[in-house]
Structures are given as structure tokens and as C-alpha cells.
Amino acid sequence: MNLSDNVVYQIYIKSFNDSNNDGIGDLNGITEKLDYLKFLGIDYIWITPFFKSPQNDNGYDIENYYEIDPIYGTMEDFNNLMKKCKEKGIKVMLDMVFNHTSTNHQWFKKAISGDKNYQDFYIFNDKKTNWLSKFGGSAWEFVSDISKYYLHLFDKTQADLNWKNEKVREELYKVVQFWMDKGVDGFRFDVVNLISKPNIFEDDNIGDGRRFYTDGPKIHKYLKELNKRTFGSKKLMTVGEMSSTSIENCIKYAGENENELSQVFSFHHLKVDYKNKDKWQLMDFDFIELKNILSKWQLEMQKHNAWNALFWCNHDQPRIVSRFGDDKIFWNKSAKTLATSIHLLRGVPYIYQGEEIGMTNTNFDNIDKFIDIESHNYYNILINQGLDKLEALNIIKERSRDNGRTPVQWNSNIYAGFSESNPWISVIDNYKDINVEKQLNDKNSILNFYRQLIKIRKENSSIVNGKIEFYNLEHSDIFMYKRINEDEEIIVICNFYPKKTKIKIDDIDGYELLLTNSENKKLEENMLLNEYDTYVYKRRKR
Ligand code: TEU
Ligand code: CA
């Protein structure tokens, strides 16, 4: 199903809006901001996990899939949020974390108390392998009570579930059904391409183990079954987070006739600033590589009738304006260019909270200000590798997931209007310059630019159903593509650099300006572009 007439807004609940001033965002905080989201024009919200959890990984470690963590509110608050969303025509997607549970989950507790039935819910082994956890260290943890290791691809308090066990799958389908019965309109499935583990567990002598469990042997069977047994017959939007995946697999995950999911998140385009493919080594982003990856994925997915989720930011990524843009002199312009470049590709755009006002990286000057488990683990790993404290901190500052997790900057009041008491993670000190209130009434703001981007999707069919073509992929500064259907053609031109540049355009007749972050000007054969200019033109065919 082509759902690309929709725009999704991602809410990281802990940092979105705090309604009861305990410093933690919550469900009622979302309800309070629905009019803002309506104003922005989005169709869906995706809310990150708010289920009962010890919060070692901010809710991606679930203890009970049916209960709401008291820090986020009550089931009544959730029902009320759903009701208000229906009234306002905002659809709701929930985040299902099915690769693992918290080790506080009762299944895990029963397992380690010796219950063999529940041991089969997880992956317990007598021996460990050399696989590494994605958060650093071994992927296996020893439980002395039962003398076995269990697998955890993430933190040691996140134990991987055994999808081979039919009982596990049945339990998880029940969870999906429970939330469907509450009227939710879609789901995001966390690291769902990691759920199918190999039959034998062996050392990986060329890597960290991921080649054995990424897009694993039964993955398509499991997703087809999940689809059939839960949301398949309904018109729900589903998106899978695909870690280190391949196009070949994504064509199936998000193929229109495959009956798996509606879209995929893939991450290859967000690794073009990893030196030696290592997230913890800094490098300027490789623009040509970025364009090659984006265009390759777009063209292959198009060819096979499959759909990408379009995104620069989420709660695991640094802020895009600080990363591929310029968060100082050209903050406003570069944020708009980046927004345009991703938003008009073929697929469903996901806007991450704060992105629409150009929120930046944290610039925390002390490791103690960082909260994320991954940041602390890697800070220690970097120190152990011989880096000094400042070098390690500089890497964490660029790469920490906390860059995307600071409180949304609503206004210039204390704590940026997120809360009246000290938030769980510090507010960035630029909140007096960068906040929603300031941008609401500024015609030239990033916020109003995002509104326009959303609006032109609703008004121009080629953005929804047009085919995509790329041009000038070898150009050192410019990203350019067209969206084409039988009624119209749209041309998108983005200068990714803080310098003037030129581009030659062959066929310029009949185009009219639709959107720009720069001065009004016509499409020209020899286009001159200023720093971070972006232009979108359209011509009608009939
Ligand atoms: O993320 C999976 C994931 O692959 C990233 O966390 C990645 O490992 C990290 O950026 C590596 O540098 C999902 C969630 O989005 C994330 O918040 C959770 O921590 C993770 O799964 C485990 O549930
Ligand atoms: Ca709260």
C-alpha cells in the first residue's frame, strides 16, 4: 500500500512535554500539544515506548507490554490521548520492542528461577560466542543460578527473545492485538530484522556476530506470520527498524505485495561520517557517498514497488543540522535544505521532535551530563583504548544518542517550557534562540518551512506517487532529483555546502517556483546557487 500521502512525527515521550512538572515528559504532555501538531500538519504520531520498564534503555527494555510506566501516566491518560487524537484526526503509531524484553520481565524472572518453559522464551546456552553487544562488551551474560549464558544484542538488561518458540510468537501477537483493540493506527517495530537467530551459535572470526543474526534465516516467515495474525487485514501503517540490512531484504520487508510491513528504516545513509565504518571515529560526511546510497536505495525500492521511510533524525541519531548542515552561521538555511532534500524523496517522511525548529546537538561539556547507557559504555571503551578524557568527550559529543534526546525547546522560559522542574536530561543552552514560540510567528522560520513542505505534499500528486530520477550525482555540492507523474514534474535542487556553486540544467521550460529558502528566482539553464540554497520547481504536463 502506498502511504506516502502521509507525514509521521516521532515523539520521544521522555523529552517531549512534561505535564505534571516532575521533569519527565508524559502522555498528558503529548495530549497538551496536539493542536501544535495539527498546526504543523502531520498525519501520524509515532510514540516511543511508554510501557512498564526499569528505564535502563529509556523504555526499550520492557517489563510489561500491557502496562503503562507510571512515570508516563496511566491507561486512562492513554485512552484520553487516543480519544483526543481521533477527534483531531491524528493517527497514532506505537513502538513494539519484540527482539528482547527487560530482564525484569516475569518471563525472564521465571526463566532464571529454573522454569524450563520460560528458559525457552530466551536464548540460553551453555557456552558463549565472541559476539559483541551493540552497546559495547560481550553479547552474552552468565547466570550462575542456572549455569547458563543468555544472549543480549543490546544491554545486559535486555534479553533477546527466542522467536523460534511458537509460544513466544503467540504472546507477542497478543500484545499487538491488545493495542489494536485500543484503536491505534500503526506500529513501529524495533530492530525487527534481528529477531531470527541462527540454528547454531558459533564464533564470528571476521566480525561482531551480526552477519549471523541480521536479516536472519526465518525473518520473512516471521514477519509474514506477524502480519497475517495481527494487522494484516487492517489498514494500519507499519514500519520496521532494520539494523545493518540489505536492499534485497528490504524489498521484501516493505514490498507492496509481500504482506510484511509498510515501510523500512535503513541506516546506511547515516553512516557516511563514520571513519572506517566505526561510529566512534569522527570524519566529515562523504557527500558523494551519501548521494550514492540514497539514490541507490530509492531506485531499487521503486523498481520493486517497496517503500522507504524518509528520515535524517530519530532518538538514536545526532541532530542533522549539526551533522550535515551548519548549526551556526547558516543554521536557518542549512536546516531547510536538509529538510527539503529528504522530505521530497519517494516514501513516507518522518519528522523527529525538534527537527522542525532546527534543534542542534547538545554541546554538553561534561561526560556526567550525558545519560545514555551507550554513551557511557563507549566513553569508557575509548578511554581504555588510550584516548585522553577530552578526546573521548569530543567523540561522545558528536556521536551520542543524547544529542537527539534533550527536551523539546518550546519557549524561552526556564527549562525551555518543557517542564517547571529540572528535566531528566539538561536542556541545551541555546533554547532562548531556538524554540517553537519564537518560530510560530516568524514567516521565515524553519518551523514554517516544514509546514510548507508538508502542505506541498498534500497539493502535488507527484510527491506522493511520482517516480523518482536523480541528476548530477557526481556534482560536488548539489543534490538534485525529479519527481514525475502523468500530470506534473517537480525538480528539487539542494546546495549542501556553505559556498556558492553552479549547476547546468537541460530542460527549464515551464517550471514555476514552489518553495525556496532563498530569493525568488526562475529556473535557469546555468543556475547560480548561494550557500545552502534550496529550490523546488514544478511544471504541469496537462
Ligand atoms: O535501536 C537499534 C539500534 O540499532 C541503535 O540503537 C544502534 O544500536 C545504536 O545507534 C548504535 O550506535 C533501537 C532503538 O531505536 C534504540 O533506542 C534502542 O536502544 C535499541 O533498539 C534497543 O531496543
Ligand atoms: Ca511528567
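Please treat every number below as a calculation from the coordinates, not as lab data. This one's a predicted model, so the numbers in the text were calculated from it and none came from an experiment. Positions of Cβ are backbone-derived with ideal geometry, glycine not excepted, and every protein chain shown enters the neighbour counts.
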Practice item. Within 10 Å, count the other beta carbons around each residue, average over each peptide in 331-341, 412-422, and list them highest first. Key: 331-341, 412-422
Study note, to complete from the structure: Amide H contacts under 5 Å for Cys313, restricted to residues at least 5 apart in sequence or on another chain and with H modeled in the peptide plane, are Tyr352
Check your understanding: Name the trypsin sites (Lys or Arg not before Pro) in the range 228-269 that are in a loop by DSSP and that have at most 16 other C-beta atoms within 10 Å, would you?
Key -> Lys234, Lys235
Point to revise | Normalised contact order of the chain, rounded percent, pairs of Cα under 8 Å and 6 or more residues apart | key: 13
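What does the convex hull of the Cα atoms of the chain come to per residue, in Å³, rounded to a whole number?
Per-residue hull volume (Cα only) is 148 Å³.
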**Study point:** Inverse of mean 1/r across different Cα pairs in the range 421-482, Kirkwood, Å
**Key:** 15.4
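Convert 10 °C to kelvin, take the viscosity as 1.306 mPa s, use the Kirkwood radius over C-alpha pairs of the range 249-319 as Rh, and evaluate the Stokes-Einstein diffusion coefficient in µm²/s, rounded to a whole number. Mind dumping the intermediate values first?
Details: Rh = 13.2 Å.
The diffusion coefficient I find is 120 µm²/s.
Kindly provide the Kirkwood hydrodynamic radius of the range 51-168 in Å, to one decimal, from all pairs of distinct alpha carbon atoms. The partial results should precede the final answer.
Values: mean 1/r = 0.0641 Å⁻¹.
Answer for the range 51-168: a Kirkwood hydrodynamic radius of 15.6 Å.
Consider all pairwise Cα distances in the range 359-446 and report the whole-number % of them above 22 Å.
Working: 1351 of 3828 pairs.
When all Cα pairs of the range 359-446 are counted, 35 percent exceed 22 Å.
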Practice item. Please express the shape of the range 342-495 as an equivalent ellipsoid: the semi-axes are the square roots of 5 times the eigenvalues of the C-alpha gyration tensor, given largest first in whole angstrom. Key: 36, 23, 12
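When DSSP assigns beta bridges and you keep just the ones with both residues in the chain, what percent turn out antiparallel, to the nearest 5? List each step's numbers first, then the result.
On the way: 42 of 67 bridges.
The answer is about 65 percent antiparallel.
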Practice item. Calculate, axis by axis, the spread of Cα positions in the range 406-542 along the three principal axes, and write the results as whole Å, longest axis first. Key: 57, 32, 24
Revision key, fill the gap. So the angle from the long Cα axis of helix 219-229 to the longest Cα principal axis of the chain, reported in degrees to the nearest 10, equals 90
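Find the relative contact order for the range 33-106 and round it to a whole percent, using C-alpha pairs within less than 8 Å whose residues are 6+ positions apart.
Numbers: 95 pairs, mean separation 29.9, N = 74.
Relative contact order of the range 33-106: 40 percent.
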Point to revise | Measure of compaction for the range 274-361 (Cα Rg per 2.2 N^0.38 Å) | key: 1.14
**Study point:** Where only alpha carbons of the range 15-89 are counted, the Rg and the Dmax (Å)
**Key:** 12.5, 35
Check your understanding: Counting only residues 5 or more places away or on other chains, whose amide H sits under 5 Å from the amide H of Tyr122 once H atoms are built in the peptide plane?
Key -> Asn162
Exercise for review: Kindly work out what percent of the DSSP beta bridges joining two residues of the range 1-158 are antiparallel, to the nearest 5.
Suggested key: 55
Study note, to complete from the structure: Cα gyration tensor of the range 102-162 diagonalised, 5x eigenvalues square-rooted, in angstrom largest first, produces semi-axes 18, 12, 9
Review point. Across bins of 5 angstrom width beginning at 0, how are the C-alpha pair distances of the range 145-241 distributed, in whole percent?
Key: 2, 11, 20, 23, 18, 13, 7, 4, 2, 0
Check your understanding: Where q = 0.15, 0.27 Å⁻¹, what log10 of I(q)/I(0) comes from the Debye formula for the range 209-266, counting one point per Cα?
Key -> -0.40, -1.18
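Quick one: compute the contact order of the range 137-198, relative version, from alpha carbon pairs under 8 angstrom and 6+ residues apart, as a percent. Kindly include the intermediate steps, with their values, before the conclusion.
Working: 39 pairs, mean separation 13.8, N = 62.
So the answer I get is 22 percent.
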